[in-house]
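Enquirer: Let me give you the structure first, and then I'll get to my questions.
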Amino acid sequence: MPADFLASHSPFLLPLLVGLLLDALIGDPPHWPHPIRLFGKMIAFCDRRFNHGAHRRRKGTLVALGLTLTVFVVLACMEWLLTGYPVAGIVVNSILFFYAISNRSLIDEAMKVERLVVQKDIEAARRQLGMIVGRDTSQLTFKQIRAATLETLSENLSDGVIAPLFFYALGGIPLMMAYKMVNTMDSMIGYKNDRYRDFGRFAARILDDGANYIPARFTAWLMVLVPPSAKGMRFIRRYARLHASPNAGYPEAALAGILDCRLGGPAVYHGKLADKAYIGDNDRPLTHADTLRACRINIRTVVVTAVLVAAGYTVIFLLL
């Protein structure tokens with residue numbers, strides 16, 4: 001049975017293992033060809049071609065649905081074409097899985113900011129943070145820089161790693177990459193400004209918020225349950241729904257509870273002050289140890305999720 005199981009189901013299990021190992025070892029090489037960059041070019045083309053004139057909300061809806069379905073159908077056809085070539089299928093799926101998750105690069109970018117904070121180079125820390133967050137970082141203090149880094153680590157743990165794993169478990173590489181298209185659209189056209197309020201509404205408010213609804217909550221509860229954190233559980237129940245995003249508040253509240261600190265609060269986006277709610281009430285200094293602990297929480301959560309996905313797949317196979 002073990003040999004038969006591995007032979008029959010290595011197209012699912014091996015890409016999971018190989019993709020995670022590649023991400024842990026080499027992260028996201030900046031100059032390699034990358035499908036997400038292709039997604040970005042597709043989105044940018046549609047933005048230039050359709051985001052003007054009348055009916056921008058309708059056009060944005062059709063673009064979002066069209067791009068998402070295109071990715072899913074193309075990848076599903078690729079999977080079908082590779083069914084007769086199991087080794088090639090495993091190689092291709094492992095590479096695509098690797099490209100679809102980003103925990104190593106998330107931690108690396110956070111630690112670049114943290115190292116500059118430790119060196120007391122506030123201008124460089126602000127610039128480095130500005131490369132990974134959407135807020136204006138030009139006036140942030142060291143404490144605010146660390147808080148923004150912690151928020152980014154928790155939020156992107158959900159939509160950059162756990163959500164892709166979730167959709168891989170549901171529908172393999174085609175659904176995983178379709179989710180990545182949705183998430184890329186949200187990052188490019190999901191803004192509430194004059195240009196994207198209508199055109200990006202469906203991609204951000206319906207597709208991305210809907211796709212991340214379960215993964216965000218799963219991420220938060222896994223963070224506070226392994227190992228158990230009573231304060232983290234209380235923070236999820238008390239603060240998660242106060243966030244402006246229907247999803248981001250869950251992993252942020254979990255991390256704030258585990259660390260017993262305060263995150264969130266007002267922030268400037270594109271020149272406008274957003275009166276974001278605070279998550280937590282212990283307004284203590286944030287330390288280097290907090291950032292390191294948040295990185296360890298990310299790694300642990302990813303490992304536990306991967307084990308759960310593999311174990312769940314195995315159990316379902318044995319039951320069927």
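Enquirer: When the residues of region 1-29 are narrowed to those that are aliphatic (A, V, I, L, M), exposed (fewer than 12 other Cβ atoms within 10 Å of the Cβ) and under 18 Å from VAL315 (Cβ atoms), which ends up modelled with the highest pLDDT? Can you show your working first?
Expert: Residues of region 1-29 aliphatic (A, V, I, L, M): 1, 3, 6-7, 13-14, 16-18, 20-22, 24-26.
Subset that is exposed (fewer than 12 other Cβ atoms within 10 Å of the Cβ): 1, 3, 6-7, 25.
Then keep just the ones that are under 18 Å from VAL315 (Cβ atoms); that gives 1, 6.
Working: MET1: 46, LEU6: 50.
It comes out as LEU6.
Enquirer: Another question, if that's okay. Checking ALA148 against (1) over 19 Å from HIS243 (Cα atoms); (2) touching a Lys or Arg at 6+ places or on another chain (Cβ under 9 Å): exactly one of these is not met. Which one?
Expert: Exception for ALA148: condition (1).
Enquirer: Report the residue count in region 218-253 for those that are within 19 Å of the chain's Cα centre (by Cα), surrounded by 18 or more Cβ atoms within 10 Å (Cβ to Cβ) and not hydrophobic (A, V, I, L, M, F, W, C).
Expert: Going through region 218-253 one residue at a time, the tally reaches 7.
Enquirer: Which pairs turn up if I take residues in region 22-49 that are within 11 Å of MET188 (Cβ to Cβ) and look for partners that are basic (Lys, Arg) and not in a helix (DSSP H, G or I) with beta carbon separation below 9 Å, at least 6 apart in sequence or on another chain?
Expert: Short answer, once both residue conditions are applied: ASP47/ARG195.
Enquirer: Determine which single condition PHE97 fails, assuming it passes every other condition in (1) under 19 Å from ASP208 (Cα atoms); (2) surrounded by 14 or more Cβ atoms within 10 Å (Cβ to Cβ); (3) hydrophobic (A, V, I, L, M, F, W, C); (4) in contact (Cβ under 8 Å) with a residue 60 or more places away in the chain.
Expert: In the conditions (1) under 19 Å from ASP208 (Cα atoms); (2) surrounded by 14 or more Cβ atoms within 10 Å (Cβ to Cβ); (3) hydrophobic (A, V, I, L, M, F, W, C); (4) in contact (Cβ under 8 Å) with a residue 60 or more places away in the chain, PHE97 misses (1) alone.
Enquirer: Now for a different question. For region 234-268, what are the residues that are closer than 18 Å to GLY134 by Cα, of a type in the set (A, V, I, L, M, F, W, C), in contact (Cβ under 8 Å) with a residue 40 or more places away in the chain and part of a loop (DSSP other than H, G, I, E, B)?
Expert: Once the filter is applied, which keeps residues that are closer than 18 Å to GLY134 by Cα, of a type in the set (A, V, I, L, M, F, W, C), in contact (Cβ under 8 Å) with a residue 40 or more places away in the chain and part of a loop (DSSP other than H, G, I, E, B), region 234-268 yields only ALA248.
Enquirer: For region 172-193, which residues satisfy the criterion of being among the small types (Gly, Ala, Ser) and in contact (Cβ under 8 Å) with a residue 24 or more places away in the chain? If you could, list the steps in order and put the result at the bottom.
Expert: Narrowing region 172-193 to residues among the small types (Gly, Ala, Ser): 172, 178, 187, 190.
Once the filter is applied, which keeps residues that are among the small types (Gly, Ala, Ser) and in contact (Cβ under 8 Å) with a residue 24 or more places away in the chain, region 172-193 yields GLY172, ALA178.
Enquirer: Can you tell me how many residues in region 54-91 are under 14 Å from LEU175 (Cα atoms) and under 22 Å from the mean Cα position of the chain (by Cα)?
Expert: Total satisfying the criteria: 8.
Residue-wise test of (1) among the acidic types (Asp, Glu); (2) surrounded by 24 or more Cβ atoms within 10 Å (Cβ to Cβ); (3) in a loop (DSSP other than H, G, I, E, B).
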position: ARG115; (1), (2), (3): no, no, no
position: LYS120; (1), (2), (3): no, no, yes
position: ALA125; (1), (2), (3): no, yes, no
position: VAL133; (1), (2), (3): no, no, yes
position: ASP136; (1), (2), (3): yes, no, yes
position: ARG146; (1), (2), (3): no, yes, no
position: ASP159; (1), (2), (3): yes, yes, no
position: ALA163; (1), (2), (3): no, yes, no
position: TYR168; (1), (2), (3): no, yes, no
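Enquirer: Considering (1) touching a Lys or Arg at 6+ places or on another chain (Cβ under 7 Å); (2) at pLDDT 95 or above, say which one ASP281 fails and leave the rest.
Expert: (2)
Enquirer: Now for a separate question. Answer yes or no as to whether PHE199 is of a type in the set (Phe, Trp, Tyr), crowded, with 19+ Cβ neighbours inside 10 Å, farther than 30 Å from ILE90 by Cα and touching a residue at least 24 places away in the same chain (Cβ under 8 Å).
Expert: Details: of a type in the set (Phe, Trp, Tyr): yes; crowded, with 19+ Cβ neighbours inside 10 Å: yes; farther than 30 Å from ILE90 by Cα: yes; touching a residue at least 24 places away in the same chain (Cβ under 8 Å): yes.
Answer is yes for this residue.
Enquirer: Say we look at region 275-287 and pick out the residues that are within 23 Å of the chain's Cα centre (by Cα) and in contact (Cβ under 8 Å) with a residue 40 or more places away in the chain; which of these is nearest to GLN139 (Cα to Cα)?
Expert: The qualifying residue nearest to GLN139 (Cα to Cα) is ILE279.
Enquirer: Going through ARG296, ARG300, ARG284, ARG241 one at a time, which residue ends up being of a type in the set (D, E, K, R) and closer than 16 Å to ALA147 by Cβ? Spell out how you get there, then give the answer.
Expert: Details: ARG296 fails: closer than 16 Å to ALA147 by Cβ; ARG300 fails: closer than 16 Å to ALA147 by Cβ; ARG241 fails: closer than 16 Å to ALA147 by Cβ.
After applying the criteria, what remains is ARG284.
Enquirer: Could you check, for region 43-55, whether at least one of its residues is in a helix (DSSP H, G or I), of a type outside the set (Phe, Trp, Tyr), in contact with a helix residue (DSSP H, G or I) (Cβ under 9 Å, 6 or more places away or on another chain) and under 17 Å from MET177 (Cα atoms)?
Expert: Within region 43-55 (the criterion being in a helix (DSSP H, G or I), of a type outside the set (Phe, Trp, Tyr), in contact with a helix residue (DSSP H, G or I) (Cβ under 9 Å, 6 or more places away or on another chain) and under 17 Å from MET177 (Cα atoms)), the answer is yes, since at least one residue qualifies.
The values are calculated or read from the model by the stated rules, or taken from the named source; none is laboratory data. The shown structure was predicted, so the numbers you read here are calculated from the model rather than taken from an experiment. Methodologically, a virtual Cβ is constructed for each residue, glycine included, from the backbone with ideal geometry; neighbour enumeration extends over all protein chains shown.
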